[in-house]
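To keep things clear, I will list the structure first and then write my remarks on it.
The values are calculated or read from the model by the stated rules, or taken from the named source; none is laboratory data. In this text the structure is predicted, and so the values were computed from the model without any measurement. Counting neighbours? That spans all protein chains shown, and the Cβs are built from the backbone with ideal geometry, glycine included. Surface accessibility is based on the protein's heavy atoms, side chains included, excluding ligands, DNA and RNA. Shrake-Rupley method; radii C 1.70, N 1.55, O 1.52, S 1.80 Å.
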Amino acid sequence: MARPSDPAAGSPLADIEELFPELREYAATATRLHPRPGQPGPLDSSIGGPLRWPADESWPYCTGREHYVDRLLTPETVRRMRRVYAAATARAAATGLPYRLTDAEDADVPEFDYTEPVSLAKTPIALVPVAQVYRHDVADLTGPPDADLLQVLWCPLDHPDNGYSPWVELRWRRTADLGEQLATAPDPVVVNENYLPTPCLVRPEQVREYQYVGLLPENLKKRLYAWEKQSGHSYQTDLSLAPGWKIGGFANWSLSDWHPVDCTECGAAMTLLLTASSGEQNGSARWRSADDPDGNPVDVLIGRGYALHVFACPTAPTHPPATVMQ
């Protein structure tokens, strides 16, 4: 009979807790969001879609913070570029011809080195919707006990005082208290194109994760490494951390190694709330869904292809969040 750790067993990863019972102490559920391009509305859980924003509440702006500026574009320019590139990609796939832009398409996108005036980054920048998650869609959503809606926004420019990543704000809401909705959210005057999410519907999937390998006890790590050599599987890639956009679970610390993330208001150790990712796959068949779109449907790029982990205070979720690029 094939052993559970032998690939011939058919589902070697399903029995990992039988092989390593200690892992049960380092397990948690997470919800992968599986974004796919669509037309979400304010009543939908979404990535980059419209928020169910109260009409009597001011839209948040980033003011008084320093921005690192590389290339500035208007949101409409970014959206137009994406439409052009998507049309060219679809045409190449349909015809089998090489990918290229028509003369008209080429004239409709700015030159690679084009940028809007740098001075615009010093004006108030409207935050952009990043995620909206209803509790009835995501069982792993934590937060204030009376809140059933999480809204995540960020400033779409790099912040030197925040690890050269977007500045994030959270809104927790009780939908029963929401009245008239804001008709149209303001666009920021300029954005870093990598921080303007393409609106996506989500297909939540709850998964089981295990702690980042560097945070496991030394003896357990050694046994896992031995199992990897024998089985041909990777704990880190195949088992522990789901790729892509997700709610909850564990953070990947492979870029900088682990460091404490404590609440600036009360000092509590913060927990992972949301992971914003530069892609949906990590190369492992373990996490791949047959109907997932390839590549990066959200069009968000964190750093050089990393993820942005958003942490929240477990004792007071309304305290300011913290972010870590990994």
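What does the charge count near LEU182 come to, summing +1 for each Lys or Arg and -1 for each Asp or Glu among other residues with Cβ under 11 Å from its Cβ?
Details: positive: ARG52; negative: ASP56, GLU57, GLU180.
Net charge around LEU182: -2.
Against the globular-protein guess of 2.2 N^0.38 Å, express the Cα radius of gyration of segment 82-173 as a ratio, rounded to two decimals. It would help to have the intermediate numbers written out before the result.
Details: Rg = 19.9 Å, N = 92, 2.2 N^0.38 = 12.3 Å.
Taking N as the residue count of segment 82-173, the ratio is 1.62.
Viscosity 1.306 mPa s, temperature 10 °C: give me the Stokes-Einstein translational D for segment 224-297 in µm²/s, with Rh taken as the Kirkwood radius over C-alpha pairs.
Once the numbers are plugged in, D ends up at 109 µm²/s.
I want to verify the translational diffusion coefficient of the chain in µm²/s; compute it with Stokes-Einstein, Rh as the Kirkwood radius over Cα pairs, at 20 °C and 1.002 mPa s.
On the way: Rh = 21.5 Å.
After rounding, the answer is 100 µm²/s.
Taking 1 over the mean of 1/r across every pair of different Cα atoms in segment 135-283, what Kirkwood radius in Å do you get? Show your work: numbers first, answer last.
Values: mean 1/r = 0.0540 Å⁻¹.
Value: 18.5 Å, from the Cα pair sum.
What net charge do the residues around PRO320 carry, taking every other residue with its C-beta under 9 Å from that of PRO320, with Lys and Arg at +1 and Asp and Glu at -1? Walk me through the intermediate numbers first.
Values: positive: none; negative: GLU169, GLU265.
Combined, the nearby Lys, Arg, Asp and Glu give -2.
If I fit a long axis through the Cα atoms of helix 218-231 and take the longest principal axis of the Cα atoms of the chain, what angle between them do I get, 0 to 90°, rounded to 10?
Around 90 degrees separate the two axes.
Using a Gaussian network for the chain with springs between C-alpha atoms less than 10 Å apart, which of these wobbles most: LEU73, LEU196, LEU127?
LEU73
First select every other residue whose beta carbon is under 12 angstrom from the beta carbon of ASP294; then total the charges, Lys and Arg +1, Asp and Glu -1. Before the final figure, lay out the partial values.
Values: positive: ARG36, ARG288; negative: GLU280, ASP291, ASP292.
Result for the local shell: -1.
Would you mind classifying segment 46-128 by shape? Square roots of the alpha carbon gyration tensor eigenvalues, ordered a ≥ b ≥ c; an a/c under 1.5 is rounded, otherwise it is prolate if a/b is larger than b/c and oblate if not.
Working: a/c = 3.62, a/b = 1.68, b/c = 2.16.
Because a/c hits 1.5 or more and a/b fails to exceed b/c, segment 46-128 counts as oblate.
From Cα coordinates alone, what are the radius of gyration and Dmax values for segment 1-142 in angstrom?
Rg and Dmax of segment 1-142, Cα atoms, are 23.5, 69 Å.
Roll a 1.4 Å probe over the protein chains and send me the accessible area per residue for the chain in Å².
Working: 15960 Å² over 326 residues.
Averaged over the residues of the chain, the accessible area is 49 Å².
What's the extension gain from ALA185 to THR95 if we count 0.36 nm per residue and subtract their Cα-Cα distance?
Working: separation 90, 0.36 × 90 = 32.40 nm, distance 3.87 nm.
Computed gain between ALA185 and THR95 is 28.5 nm.
Just to confirm the number: angle between the C-alpha axis of helix 75-95 and the first principal axis of the chain, 0 to 90 degrees, nearest 10?
Here the helix axis deviates by roughly 60 degrees.
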